[in-house]
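The values are calculated or read from the model by the stated rules, or taken from the named source; none is laboratory data. All figures in this text were calculated on a predicted structure; none of them were measured in a lab. So basically every Cβ, Gly included, is an ideal-geometry build from the backbone, and we count neighbours across all protein chains shown.
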There are 4 protein chains.
Amino acid sequence: MIRSAILGASGYVGGELLRLLSRHPGIAATRLFGDSKAGQKLGAVHPHIGGAAAALEVERFTPDALDGIDLVFAALPHGESQKWADTILASGARLVDLGADFRLRDPDVYATWYGEAHQAPHLLDQFVYGIPELHCEAIRSARAVAAAGCYPTATILACKPLVDAGLIDPKSLIVDAASGVSGAGRGVKEGTAFNTVDGSFAAYGLLNHRHTAEMEQALGATVLFTPHLAPMTRGILATCYATAVREMAADEPLKVLRAAYANEPFVRVSDDPPATKWVSGSNGAVVTARYDPRTGRVLALGAIDNLGKGAAGQMVQCANLMFGLDEAAGLSAEGVFP
Amino acid sequence: MIRSAILGASGYVGGELLRLLSRHPGIAATRLFGDSKAGQKLGAVHPHIGGAAAALEVERFTPDALDGIDLVFAALPHGESQKWADTILASGARLVDLGADFRLRDPDVYATWYGEAHQAPHLLDQFVYGIPELHCEAIRSARAVAAAGCYPTATILACKPLVDAGLIDPKSLIVDAASGVSGAGRGVKEGTAFNTVDGSFAAYGLLNHRHTAEMEQALGATVLFTPHLAPMTRGILATCYATAVREMAADEPLKVLRAAYANEPFVRVSDDPPATKWVSGSNGAVVTARYDPRTGRVLALGAIDNLGKGAAGQMVQCANLMFGLDEAAGLSAEGVFP
Amino acid sequence: MIRSAILGASGYVGGELLRLLSRHPGIAATRLFGDSKAGQKLGAVHPHIGGAAAALEVERFTPDALDGIDLVFAALPHGESQKWADTILASGARLVDLGADFRLRDPDVYATWYGEAHQAPHLLDQFVYGIPELHCEAIRSARAVAAAGCYPTATILACKPLVDAGLIDPKSLIVDAASGVSGAGRGVKEGTAFNTVDGSFAAYGLLNHRHTAEMEQALGATVLFTPHLAPMTRGILATCYATAVREMAADEPLKVLRAAYANEPFVRVSDDPPATKWVSGSNGAVVTARYDPRTGRVLALGAIDNLGKGAAGQMVQCANLMFGLDEAAGLSAEGVFP
Amino acid sequence: MIRSAILGASGYVGGELLRLLSRHPGIAATRLFGDSKAGQKLGAVHPHIGGAAAALEVERFTPDALDGIDLVFAALPHGESQKWADTILASGARLVDLGADFRLRDPDVYATWYGEAHQAPHLLDQFVYGIPELHCEAIRSARAVAAAGCYPTATILACKPLVDAGLIDPKSLIVDAASGVSGAGRGVKEGTAFNTVDGSFAAYGLLNHRHTAEMEQALGATVLFTPHLAPMTRGILATCYATAVREMAADEPLKVLRAAYANEPFVRVSDDPPATKWVSGSNGAVVTARYDPRTGRVLALGAIDNLGKGAAGQMVQCANLMFGLDEAAGLSAEGVFP
């Protein structure tokens, strides 16, 4: 059994990791760190965790806590894993980091979008960008993975094959996406209060959401990205628009997606536009695309669960590859539906 | 008191009209027609209607039923008001029609998008397109108004001043919008069942939603429109993207909107992106816009209640103008919040 | 025009009062007090408020601020209006208080349930308990009204006529009720975060919710009350169980309710169990009841909007009576449906 | 691998069974029957099913279709499994039936509550009532199990130990419960449309819901049961009231529950009132109870996922026991949270 530690065990991604690992055949959640709730029982922090695990205590992280740990899952606010990555890697443990810290290759781009200098640029080369469908081999041999963000995962899965096939102009990309509220994290604020969100739909982060940079890097694109908050807990749908480089059959983009994901256990290519609920609670993704002859554009859509394929599921999938396990161990592609 | 008849009284728009007219100082809901529920008590059809109105009976429509009626509100499936418009106008009553039948000026465009020939093209000239903020004077003197659709209203309010001011290229317009489920009408189907929609977000009608033609006509634009279904009952948010015709200050589009709506009681211009709930249950609209120097695009957003400003509220607002009443009679701009 | 001041203008009840008064023909919201948001523009505090009102500033309350004020609406946390009631009444203004402070006749009962001594027991006699359907005449002549709480209103409207008619044993009452999340107020906490509540249903306040005392006083009953939080913003349904004092026809309780509310504009008696949405956004209430011969019990149900008939609507209704206005001025009984 | 057939594969319970079996180590979903969708691909019927399973076809049931089948899961409308149980058992397959047909021991009670004579009373003796926590040994050796209904499961888990311990008077039981909308099944109707349910809470089935009989039988009780529909897809909370037989410590009922479920992997005993979301998407249950000295009553609560522990999860748990597998195989107790 691979012994893992979770940094950020008291957040939503931490809770989802705990749920996934509770039935994982090869990876155990051995140590649980979460500074803000250190000393509390896991059952009090995560009401969905029962049984023996509920009696475990959330610990304050200290470097020597990694003794005997094979794998660290980090689900921390951005800026935090930069501080600890050296220590973690020096301990011999491998690292799957969900923060934004090691996703962007160029520390200047990081500084531009995050408004502060990167603290550990010397480590950037050690991280593989974590979307297993695109970087499977690199992840298998990686010591450190920067798991992709939620919006970028939905967008990149829908668009990358179309860019690679030369169907769309990557400089023309518009990404209009909606997320469930869990994507905003567990911090309590009026903007994510039930009364604010229920029965409401709104855009936020106009023109400057930080995931833009990650999409642009992964796709070699210029992206205008507008995130929206939808009145649901989980799920992301990215609706992507790009100028087609030429006329084509309406279903040519769909065929490109089918070819790209023919052997992927977690990505389904659909004729119809997907609903986020199809993959809610799972590590699945659904993508579709089509060409619009009226406007000369390609429309591509990707749906995931932001806490599944957009966070904890993807982290586990990466870890499975890093440790030579079955890529799908502990994961499912079937959403909790209805 | 102006005596009005409602055609389609048993649908959601009919129910909202009844709610609005129940406190309208100048227009009464005198006759209520709805073929599918003819013979039923209003209280059984609309559970929010109590008091004396609940005992009224929904009637089957017959032309002579318009005796003594000053005004007809028609909220029928498309294709239906074409059949009755001649009769209604011949009765002397004025008509506010919410169907798509008389919105498109060109019967060939109607045939292209609706897949059938128009039955009453000779009447098209008598209808004014019903967005009071844009066509106030024409509506005042109109005998017949084709009230704008829900998605077009949100889109046109956000974009029309920007087109008119020459800030954006109307051929580049992308409209990505989300609607509450009441926009799909009262017909019962699996796609709008609670279990299907709750916790889910999905696109539909890719590339060919019929409201595209209405947006294109009103804006003189080419539009790629993607509607989405959001897990909420009411509300539409239209997020619109267009290529800017030149560089400009980030807030220049916002200033154009402020100038356009300075004297409008129902349109608010907001610095921040609006949430649909701000205007839920009301006739209000909120719009905003900004220029993105990174991508050279203008982003414009419009939020309404699809049953309010997108349907029944707009119909009442048009009727108020047609009959020389206070434009805001029976209406409010304040949403039911939270 | 009656000049009113709102204490607690920045909370949800304050926001609903503002919405109602914005179209009230006889009462204006003249001064707006809210200490925690003092100095902010109303439009920033309440996103549903637009127009000229949005530019008004929330003020810090001072006693001399009541100069020229005819009426004070107080929507404050319990314990607060005790401090100000003397001042308010001395100013000559009448007072409609939504807090719990003056609802319980006996200061000892207040101390028992609220855990602190009452600060102004000498004023208790001046307050009329504010459910207009039960105390209409007393409210008309009152200088001060303690508007009933949300759970008690739903419960009392359903049960009081049955107690008065001697059909049920008031010592046997069980009240099982569910509320929308706005009933928990605007304070931000994890228990009312969207992610906590969405898709979830839970009981809270087991055995000791403070509204128990108010129900017991109004009904002369012993009540076991269990409130629940439902994943919706507005609405309360109270499902009430009591032992019947004798065998009776199944519809005898229903007939008693019909007789009691025959002339009430805001209470509807329904054969069928009501849904909260029938009266959402309104001042309406729906009640029903029936006798169960199998178990010898009477079942009674009451549905209201907790912010409407359970708070702001009821406050306005009381004020209308106090000032001799039409009882229904500015109010509607029709819910925002769907 | 145990080869199972699902009757009713196209319903919600069928879909949940498919999801659970997709990762079950010992039971395969070999044949899928569903008359109303016979001939359709599974992927078209259940949008959460992808991969190879999506290409399977739903079949029309015929008796010879059970050749080589070890186990039948039946999730059919009541009245249907009565017709097929003889055939199924004669085939040698074991049967886990979720319908109401074989839950009630007494065919007269069945006739009273279901309004029709039982078609196969001779088979009633062969069925064990399927709540594994109460009838584990009998289920292990059973050829046929009548899995308990959703409301009864939540109620019985909360109350049975209290009845058995003699703490409560079973003739005094009141069960007030709320369910998510998936409990109403997949049939499309206005009462379960999104627009009807969203933002609304309502009681239904007053005094005569059929699950009453099942509760009464399992608890030896007289039950007044009121079900409610909550605006959520999954989850049941049963709030149960009974007269205590004597005074006791407030936590005595809780201690009884703790003792009863000390070794059960799927039932958690909680100090705090549970939220349905704690176990959403899982086979878990959470119960709590306390004594109220003010009113002399015991309050007991039980929360489950109606499609999990209230349906498909419980069916799999029963099947695991019947075939000597790990009771928890393919199941989890951790809810999908948030």
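Some observations on this one:
- Taking region B:306-338 as the range and being surrounded by fewer than 24 Cβ atoms within 10 Å (Cβ to Cβ) and among the charged types (D, E, K, R) as the test, the residues that pass are B:326, B:327.
- Pick from region D:94-133, criterion in contact (Cβ under 8 Å) with a residue 60 or more places away in the chain and small (Gly, Ala, Ser), ranking: surrounded by the most Cβ atoms within 10 Å (Cβ to Cβ): D:130
- If you go through region C:262-277 and keep only what is in contact (Cβ under 8 Å) with a residue 60 or more places away in the chain and among the acidic types (Asp, Glu), you end up with just C:264.
- Matching residues in region D:85-124 - criterion: being touching a strand residue (DSSP E or B) at 6+ places or on another chain (Cβ under 7 Å) and assigned to a helix (DSSP H, G or I): D:85, D:88, D:89
- Odd one out for residue C:15, checked against (1) touching a residue at least 24 places away in the same chain (Cβ under 8 Å); (2) crowded, with 18+ Cβ neighbours inside 10 Å; (3) of a type in the set (Gly, Ala, Ser); (4) touching a Ser or Thr at 6+ places or on another chain (Cβ under 9 Å): (4)
- Verdict on residue B:282 being polar (S, T, N, Q), within 25 Å of residue B:185 (Cβ to Cβ), in the same structural domain as residue B:181 (by TED's automatic domain parsing) and modelled with pLDDT of 95 or more: yes
- Qualifying residue in region C:55-76 (condition: hydrophobic (A, V, I, L, M, F, W, C), modelled with pLDDT under 95, within 26 Å of residue B:263 (Cβ to Cβ) and over 20 Å from the mean Cα position of the chain (by Cα)): yes
- Among the residues making up region D:304-338, those that are within 12 Å of chain A (Cβ to nearest Cβ) and aliphatic (A, V, I, L, M) are D:307, D:312, D:328, D:329, D:331, D:333, D:336.
- Selection from region A:23-42 of residues that are crowded, with 18+ Cβ neighbours inside 10 Å and under 26 Å from residue C:200 (Cα atoms): A:34, A:37, A:42
- Residue match in region C:187-208 (condition: within 12 Å of another protein chain (Cβ to nearest Cβ) and within 18 Å of the chain's Cα centre (by Cα)): no
- The set of residues in region C:1-49 being of a type in the set (Asp, Glu) and either touching a Phe, Trp or Tyr at 6+ places or on another chain (Cβ under 6 Å) or within 11 Å of chain B (Cβ to nearest Cβ) (or both) consists of C:16 alone.
- Scan of region D:18-33 for residues that are within 21 Å of residue D:144 (Cβ to Cβ) and free of Cβ contacts under 8 Å to residues at least 60 places away in the same chain, ordered by number: D:28, D:29, D:30, D:31, D:32, D:33
- Candidates are the residues of region B:270-303 that are within 18 Å of residue B:14 (Cα to Cα) and more than 7 Å from every other protein chain (Cβ to nearest Cβ); the one that is surrounded by the fewest Cβ atoms within 10 Å (Cβ to Cβ) is B:282.
- Of the residues examined, residue A:137 is not one that is acidic (Asp, Glu) and touching a residue at least 12 places away in the same chain (Cβ under 8 Å).
- The lone exception for residue C:68 - which of (1) on the phi > 0 side of the Ramachandran plot; (2) out of contact with any helix residue (DSSP H, G or I) (no Cβ under 8 Å at 6 or more places or on another chain); (3) surrounded by 20 or more Cβ atoms within 10 Å (Cβ to Cβ) it fails: (3)
- Some residue of region A:138-161 being in contact with a Leu (Cβ under 8 Å, 6 or more places away or on another chain), closer than 17 Å to residue A:256 by Cα and basic (Lys, Arg): yes
- Residue in region D:272-281 that is more than 26 Å from residue A:233 (Cα to Cα) and of a type in the set (Ser, Thr, Tyr) present: no
- Pair list, Cβ < 8 Å and 6+ apart or interchain, from region B:34-61 residues that are assigned to a loop (DSSP other than H, G, I, E, B) to residues that are buried (at least 19 other Cβ atoms within 10 Å of the Cβ) and acidic (Asp, Glu): B:48/C:334; B:49/C:334; B:50/C:334
- Hits in region C:34-68 - residues which are among the aliphatic types (A, V, I, L, M) and closer than 26 Å to residue B:333 by Cα: C:38, C:42, C:44, C:45, C:49, C:52, C:53, C:54, C:55, C:56, C:58
- Every residue from region C:253-267 that is in a helix (DSSP H, G or I) and away from chain D (no Cβ under 14 Å): C:255, C:256, C:257, C:258, C:259, C:260
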